[in-house]
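Have a look at the structure below, then the notes.
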Amino acid sequence: MKRTFGMIGLATVTLLWGCSTQGEPVREPQEQRVVVSVDPQTLQESFRQVAAASLPSVVRIDVEQVRRQVTPEGGDVPWFDFFFGPPDEDGDSEREFRTQGLGSGVIVEERDGVFYVLTNAHVLGDAESVNVTLDDGTSYNAEIVGSDERKDLALVAFETEDDMVVATLGDSDTLFVGDWVLAIGSPFGFQSTVTAGIVSALGRRGGPDGNISDFIQTDAAINRGNSGGALVNLNGEVVGINTWISSQTGGSVGLGFSIPINNAKRAIDDFISTGTVRYGWLGVSIRPASPDTAQALDLPNRRGALVHHVFQGSPADVGGLLPGDFIRAVNDEQVDSSDAVVLAVGELPVGERAAFEVIRYGEEITVDVTIAERMSEREISQQNFSLWPGFSVYPLTEDIRKDLDLSRRIKGVLVATVEARTPATDAGIQVGDVVTAVNGVAVEEMIEFYHRLNAVDGNREITLVRDGDERIVTVEE
């Protein structure tokens with residue numbers, strides 16, 4: 001059973017412009033005033049209806065985790081072995097701790113009498129038992145369907161023949177800064193708590209534990225226990241999953257963050273069908289472009305991500321992406337940062353082609369790549385030996401020349417980073433080296449470096465200056 005409510009108008013906005021006596025708009029000077037009239041009763045009725053429609057689909061989640069810890073032998077304490085058991089061969093005992101956790105969740109799907117509840121992965125942790133409690137106090141034992149730390153999302157399920165209210169999922173891409181939203185959950189165990197606020201910002205980055213989402217920021221009060229609960233618009237639609245707060249005290253200071261529901265929709269289907277979230281994989285290492293790098297590569301702006309390395313044999317390598325490419329858009333959707341590229345690639349369907357708009361050597365081109373399924377983080381880290389070229393470079397600015405005491409006769413680019421267990425490491429390249437030539441051709445700028453690096457296949461001879469001495473090393477492809 002699903003419920004939705006139409007949007008109720010909250011305000012009348014009138015724009016007043018200066019006018020001439022003939023009724024024509026006055027062009028100079030031009031003054032604009034915004035007069036907003038709000039009916040408090042209409043606003044109150046809106047909140048009442050949204051809360052009534054949403055509360056039945058938001059649940060409290062209680063979890064129990066079992067943790068084991070080795071405890072030293074009690075020695076002269078006579079009652080120690082009685083409570084904690086006899087020691088092992090090393091004289092230690094293993095104690096079992098049962099800890100309780102609390103969070104919130106949203107009923108997002110029903111299939112053949114099975115109801116699925118979306119929450120945060122950190123709410124479940126390593127739970128051995130999960131219990132969900134509805135707004136009316138009814139409780140059900142639930143099973144974990146799947147969990148994904150990368151997006152901090154998880155799905156649990158319970159069975160019942162009773163009627164349940166399934167939340168209506170909205171479109172988080174339609175949100176604007178200033179939109180009213182309600183946060184619903186169980187902060188500190190106070191179930192079915194509703195707080196109101198506005199969307200404070202969109203596209204926030206930097207969530208805990210490497211979460212790749214672009215968060216909705218809200219000033220609706222969110223506290224511990226709200227995690228996994230719903231962020232709801234005034235249509236009664238779930239537009240976000242409340243996930244974390246920024247606070248020095250642990251309490252709400254008006255800085256709450258929610259995962260956009262559009263970032264979770266595919267994950268819900270993936271959990272139900274396979275128990276895991278399938279991510280697209282491109283096979284590149286990317287970073288933001290600094291102002292100096294953007295100027296050196298003749299970029300129109302810094303909105304996008306610079307490809308520092310390409311995994312050999314990866315979709316990017318096969319499709320033709322190269323080190324030094326600057327990614328600006330994916331399938332005609334602009335990407336403003338390296339985080340945005342990671343999120344966009346992760347959402348791409350596995351096995352399908354995607355168009356990457358890049359700046360290469362100052363020119364805009366499009367590269368088509370067939371996306372593969374992302375491996376585990378451990379498997380990716382084991383692929384470092386195929387990371388090409390394994391080092392990144394930076395323009396030789398005046399400040400860098402001064403810091404390194406470089407002669408003006410030395411022209412080239414600075415080695416800024418060297419990745420472990422890569423061809424660059426094997427060749428002996430070090431941070432602080434200055435690359436002056438590739439395959440015997442001098443390079444003075446970053447565009448020249450990448451052009452020469454990508455111009456041929458096979459091994460590359462890199463001419464370096466280190467501590468005033470010149471040397472040539474071979475980087476094997």
> Asn242 passes all but one of (1) surrounded by fewer than 16 Cβ atoms within 10 Å (Cβ to Cβ); (2) in contact with a strand residue (DSSP E or B) (Cβ under 9 Å, 6 or more places away or on another chain); which number fails?
Replying inline: (1)
> How many residues does the stretch 336-353 hold that are of a type in the set (Gly, Ala, Ser) and touching a residue at least 60 places away in the same chain (Cβ under 8 Å)?
Replying inline: 3
> Is it the case that the stretch 283-295 has a residue that's in contact with a Lys or Arg (Cβ under 6 Å, 6 or more places away or on another chain) and surrounded by fewer than 24 Cβ atoms within 10 Å (Cβ to Cβ)?
Replying inline: yes
> Where in the stretch 376-477 are the helices (runs of 4 or more DSSP H), entirely inside, with at least 2 residues that are surrounded by 14 or more Cβ atoms within 10 Å (Cβ to Cβ) and either small (Gly, Ala, Ser) or in contact with a Phe, Trp or Tyr (Cβ under 7 Å, 6 or more places away or on another chain) (or both)?
Replying inline: 423-427, 446-455
> Say we look at the stretch 136-145 and pick out the residues that are of a type outside the set (S, T, N, Q) and either at pLDDT 95 or above or not assigned by TED's automatic domain parsing to the domain that holds Val239 (or both); which of these is surrounded by the fewest Cβ atoms within 10 Å (Cβ to Cβ)?
Replying inline: Glu143
> Considering Ala294, Ala289, which residue is assigned to a loop (DSSP other than H, G, I, E, B) and in the same structural domain as Arg374 (by TED's automatic domain parsing)?
Replying inline: Ala289
> Does the stretch 354-368 contain at least one residue that is free of Cβ contacts under 8 Å to residues at least 24 places away in the same chain and either in the same structural domain as Asp270 (by TED's automatic domain parsing) or farther than 29 Å from Gly458 by Cα (or both)?
Replying inline: no
> Quick check: is even one residue across the stretch 111-134 under 27 Å from Arg204 (Cβ atoms), in contact (Cβ under 8 Å) with a residue 60 or more places away in the chain and of a type in the set (Lys, Arg)?
Replying inline: no
>> Please count how many residues of the stretch 176-186 are crowded, with 21+ Cβ neighbours inside 10 Å and assigned to a loop (DSSP other than H, G, I, E, B).
In response: 1
>> closer than 30 Å to Phe326 by Cβ and surrounded by 22 or more Cβ atoms within 10 Å (Cβ to Cβ): which single residue out of Phe271, Phe215 fits that description?
In response: Phe215
>> For the stretch 125-140, give me each residue that is in contact with a Gly (Cβ under 8 Å, 6 or more places away or on another chain) and hydrophobic (A, V, I, L, M, F, W, C).
In response: Ala127, Val132
> Are any of the residues in the stretch 210-231 of a type in the set (D, E, K, R) and closer than 27 Å to Leu43 by Cα?
Replying inline: yes
>> Against the definition (under 30 Å from Leu414 (Cα atoms) and in contact with a strand residue (DSSP E or B) (Cβ under 7 Å, 6 or more places away or on another chain)), how does Ser285 come out, yes or no?
In response: yes
>> Looking at the stretch 241-294 only, could you name the residues that are among the hydroxyl-bearing types (Ser, Thr, Tyr) and either touching a Leu at 6+ places or on another chain (Cβ under 8 Å) or over 30 Å from Glu373 (Cβ atoms) (or both)?
In response: Ser246, Ser247, Thr249, Ser252, Ser258, Ser285, Ser290, Thr293
>> Going residue by residue through the stretch 83-91, is there one that turns out to be hydrophobic (A, V, I, L, M, F, W, C) and modelled with pLDDT under 95?
In response: yes
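The values are calculated or read from the model by the stated rules, or taken from the named source; none is laboratory data. Only a predicted model underlies this, so the values are computations on that prediction, with no experimental measurement involved. No Cβ is skipped: glycine too gets one built from the backbone with ideal geometry, and neighbour counts run over all protein chains shown.
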